[in-house]
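Here is the structure we will look at, set down as structure tokens.
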Amino acid sequence: MSRKNQTLGEFIIENQTDFPYASGELSRLINSIRLAAKMVNHEVNKAGLVDITGAAGETNIQGEDQQKLDVFANNTFINSLTNREIVCGIASEENDDFITIKGHKNDHKNKYVVLIDPLDGSSNIDVNVSVGTIFSIYRRSTPVGTPVTIEDFLQPGNLQVAAGYIIYGTSTMLVYTTGHGVNGFTLNPALGTYYLSHPNMRFPENGKIYSVNEGNYVHFPQGIKDYIKYCQEEKEDRPYTSRYIGSLVSDIHRNMIKGGIYIYPGISNYPEGKLRLLYECNPMAFITEQAGGRASDGYQRIMDIKPTELHQRTPFVCGSMNMVEKLESFMK
Ligand code: AHM
Ligand code: MG
């Protein structure tokens, strides 16, 4: 249930019983992500000032070392989750290996693992274009009380208990799901508070936007080429509109609100495409499905893929139900 002017903090408390293993742990976890996101937001917003106060790797006016923003975001999320001792492990797109968190008394008692892409699309920062953070939360699969293992992270997306993204755009939003629909919260920067601005977000069943890096067209599989030609055909409600920011969170956020499809196919020299299954595709797929859309690799549901490696890539198609189904019919 949503009330007027409800804050994220209030919403988390009110909805924590939605969760099958409600111990408050998941709520604290999302809380910690929300705080770290505020710190990252603050840094992202002053990114343009870096040239004035000192470039990455140099010392700024206050004598502090300047960090690159993606490094800063990675450290901020990891520190925030580690300090509060609410997870037993973290895997980040920025790190080669996962991190084990022993917990308060070295007892490995925490139940959740987090997988995170701390700053996706970071090449957009230099040109003042939106970037995002993407996160995915699972219950560990190995017994509580023992150190986490790789198995805890290599779970299929259909076992996610929560997922979300933060978009650092014209305004900053946190959008997340715990499997009971998708809700979006906008940060009021003056107060540092997130307000429920987009309750129960839904992908329109049909859309008119397609988002793909068409520069790779000649390398796409035939089914994708045919689908793009279909989008461009002069018929009924077509041609569709092409919109591609090159920042996954922003492209999918827009398509969820307006109706559309995002496509990052395998290309001839990179048959698995570019996007990471665990840090990018699974969380976006969970949100998409919870918002009534569909996410696949062109053939099968993204969330049913059994991962074999932490940094595994996969072709990715996600968006309005009828558009994704149409694309899949071209792949057969
Ligand atoms: P990153 O994790 O290195 O930032 O790359 C992911 C980004 C996505 O946000 C975006 O959709 C995609 O890469 C764009 O890739 P391309 O420039 O090949 O179109
Ligand atoms: Mg990324």
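Each value in this text was obtained by applying a stated rule to the coordinates, not by laboratory testing. Quick caveat, the model's predicted, so the values are computed rather than measured. Glycine also receives a Cβ, built like all others from the backbone with ideal geometry; neighbour counts cover every protein chain displayed.
Descriptive notes on the structure:
- When the chain is treated as a GNM with alpha-carbon contacts under 10 Å, the residue of Tyr262, Tyr279, Tyr217 showing the greatest mean-square fluctuation is Tyr217.
- Taking Val127, Val144, Val317 as the candidate residues, the one with maximal mean-square fluctuation in a Gaussian network model of the chain, Cα springs under 10 Å, is Val127.
- Loop sites in the range 303-332: GluC sites (Glu not before Pro), DSSP, at most 15 other Cβ within 10 Å: Glu309
- Alpha-carbon centroid distance for the pair the range 71-99 / the range 122-164, whole angstrom: 10 Å
- A simple spin-label model places the labels of His42 and Lys102 3.0 nm from each other, with each point 7 Å out along Cα-to-Cβ.
- Inter-probe distance in nm under a simple model that places probes 7 Å from Cα toward Cβ, at Val218 and Tyr244: 1.5 nm
- Computed from the C-beta positions of Asn5 and Val144, the FRET efficiency with R₀ = 41 Å rounds to 0.60.
- The ranking of Cys231, Cys88, Cys318 from fewest to most other beta carbons within 10 Å of each one's beta carbon is Cys231, Cys88, Cys318.
- When every Cα-Cα distance of the range 92-159 is counted in 5 angstrom steps from zero, the calculated P(r) takes the values 3, 15, 22, 19, 16, 10, 7, 5, 2, 0 percent.
- Shape index of the range 132-245: Rg/Rh, with Rg the Cα radius of gyration and Rh the Kirkwood radius from the inverse mean 1/r over Cα pairs, equals 1.09.
- Those GluC sites (Glu not before Pro) in the range 224-304 that DSSP places in a loop and that have at most 14 other beta carbons within 10 Å: Glu233, Glu234, Glu236
- Segment Lys229-Asn83, length gained on full extension (0.36 nm per residue, minus Cα span): 47.5 nm
- Listed residues Gly266, Gly192, Gly145, most fluctuating in the chain (Gaussian network, C-alpha, under 10 Å): Gly192
- The label-point distance for Asn15 and Asn158, in a model that sets each label 7 Å from Cα toward Cβ, rounds to 2.4 nm.
- Separation of the alpha carbons by more than 24 angstrom is noted, of Lys38/Lys102; Lys68/Lys306; Lys229/Lys258, for Lys38/Lys102; Lys68/Lys306.
- Taken as entire DSSP H runs, the helices of the chain that both span 27 Å or more between Cα atoms along their own long axis and average -0.5 or more on the Kyte-Doolittle scale are 25-45.
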